[in-house]
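A quick write-up on the structure given underneath.
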Amino acid sequence: MNFTSRLTKSETIAALAWIPVHVIILPQILRLLCRAGRLDVTAANLVLYAVGVVYMFALLGRFLRREFDPLCERPFFCLLQVAGSYVATIFFNAAFVAVLLLISGEGLVMNPNNQAVSGLAADSPGIIKATGIFMAPIVEELMFRAGLFGALRRKSRVIAYAVSMLAFGIYHIWTYIPENPLYLLFIIQYLPVSWILCRCYEQTNTIWTPIFLHMLINAVSMNVVERLASL
């Protein structure tokens, strides 16, 4: 597999350094501001990703520009990869829901992250859509695919996939686990999509394809959640 990460050493450090800030430090600060009444949850979520986007463009903007070259060289191939990857995502999600139904039966546990997004979207749909569709994919792909996967891919392809997939799954669920240990099951739901995003990055050798794929997944998912909530 002829994959080459175009992140420089300093850009790799910048991408990896943002993970603890985005996952732990900044959310704790925003949580304190929410408790003090300075922000509501929707605004805090917007600030979290807006700060991340500014950080990424400031420190990895040149990397993002360089990543446009392979995208422009093979636009139809990249488009096919995004389309095929999205179809695969639908299949894996359907399979996961079917397995979860078999395990839990009528007591089906819903994905807490999806429930949280659905609740926020009901109050401020425009802000949540802007955050989830445009900001989150940029920040998360630069952290988990360009930074984590790209850095480890230089050492071991297997380790790169395993670590980035597990980190992506834990990232979406870990804050909900103290509430209900069964939520650990939903880490499994994020493993296939994380594998697909890594593969899309690897196959096309440009970070923009997993970013666009991530945007597509979030856009369709949020639209489905919005329609279901209106029924």
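The values are calculated or read from the model by the stated rules, or taken from the named source; none is laboratory data. Remember, it's a predicted structure, so these values are computed and weren't measured experimentally. Here the Cβ is made from the backbone with ideal geometry for all residues, glycine too, and neighbour counts use every protein chain on show.
Residues satisfying the criterion are absent from region 89-102 (criterion: part of a loop (DSSP other than H, G, I, E, B) and modelled with pLDDT of 95 or more).
Every residue, every condition in (1) under 14 Å from the mean Cα position of the chain (by Cα); (2) in contact (Cβ under 8 Å) with a residue 24 or more places away in the chain, yes or no:
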residue: R145; (1), (2): yes, yes
residue: P181; (1), (2): no, no
residue: Q203; (1), (2): no, yes
residue: S221; (1), (2): yes, yes
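The selection criterion, being β-branched (V, I, T), surrounded by fewer than 21 Cβ atoms within 10 Å (Cβ to Cβ) and more than 14 Å from the chain's Cα centre (by Cα), holds for I177. Restricted to region 7-21, and to residues there that are in a helix (DSSP H, G or I) and not hydrophobic (A, V, I, L, M, F, W, C), the residue that is surrounded by the fewest Cβ atoms within 10 Å (Cβ to Cβ) is K9.
Within region 148-171, restricting attention to residues that are part of a helix (DSSP H, G or I) and without any contact (Cβ under 8 Å) to a residue 12 or more places away in the chain, the residue that is surrounded by the fewest Cβ atoms within 10 Å (Cβ to Cβ) is V158.
Within region 113-147, the set of residues being at pLDDT 90 or above and surrounded by fewer than 16 Cβ atoms within 10 Å (Cβ to Cβ) comprises I127, A130, F134.
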